[in-house]
Amino acid sequence: MTHPKHAEPNHPVHDLITRRWSPYAFADRGVSREDLRSLFEAARWAASSYNEQPWSYLVARREDTDAFERLLSCLVEGNQEWAKHVPVLAIGCISLKFSRNGQTNAAAEHDLGLASANLTFEATSRGLVVHQMIGIFPGRVRSLYGLPDDVEAKTGLAIGYAAPVESVPDELRDRDLKPRQRKPLQEFVFGDKWGESHDLA
């Protein structure tokens, strides 16, 4: 079934890419442990620099009230307003140094992004949605969860099912139903000089 947020690409791409989007309104429906395990299994198999796998996730399900409220409190207030209705919340963290030599891992954030992308596409394949967010309080995460000095909280993830179009609350309707837009290839695929489009574009 087509949703207003499904992409209309200029060139053929996989259906999972056209269907992936980040809602604010979530259905009041839980996510099974089996599905969640598969989402994090997908993250597990992401590529990473030197196979370091520098990502970790803190996870809380809404049915676990205390754990959920604790993790929810690590989101900025604007995100808490809509995320309090989400069935599953997570915080993506990175290890800042390579375990192999103790040197700074400059690819750690990139690799967390790859892991979360894997997780997101696995979710999409199962009819789930993921809304990633940078609006978190890293210091609060560190304090509440006892993060080591060389680990840093970077992103929040809301996981669940998108609310049916007809039930999206008025305050979220424009965000969740307005068609998605993206830059054309000419604006970011360059050739001989920065800012000059490659002939692929």
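Quick notes
- The set of residues in the range 11-33 being free of Cβ contacts under 8 Å to residues at least 24 places away in the same chain, assigned to a loop (DSSP other than H, G, I, E, B) and open to solvent by less than 50 Å² (accessible area, probe 1.4 Å) consists of S32 alone.
- Pair list, Cβ < 6 Å and 6+ apart or interchain, from the range 131-142 residues that are under 22 Å from Y161 (Cα atoms) and of a type in the set (G, A, S) to residues that are assigned to a helix (DSSP H, G or I) and open to solvent by less than 60 Å² (accessible area, probe 1.4 Å): G135/N79
- Listing of strands (runs of 3 or more DSSP E) fully contained in the range 82-172 that carry 3 or more residues being open to solvent by less than 10 Å² (accessible area, probe 1.4 Å): 88-95, 151-160
- L36 out of contact with any helix residue (DSSP H, G or I) (no Cβ under 9 Å at 6 or more places or on another chain) and buried (at least 17 other Cβ atoms within 10 Å of the Cβ): yes
The values are calculated or read from the model by the stated rules, or taken from the named source; none is laboratory data. For clarity, every value in this text was computed on a predicted model and none was experimentally measured. Cβ: placed from backbone, ideal geometry, glycine included. Neighbour counts: every protein chain shown. The accessibility values were calculated without ligands, DNA or RNA, using every heavy atom of the protein model including side chains. Shrake-Rupley method; radii C 1.70, N 1.55, O 1.52, S 1.80 Å.
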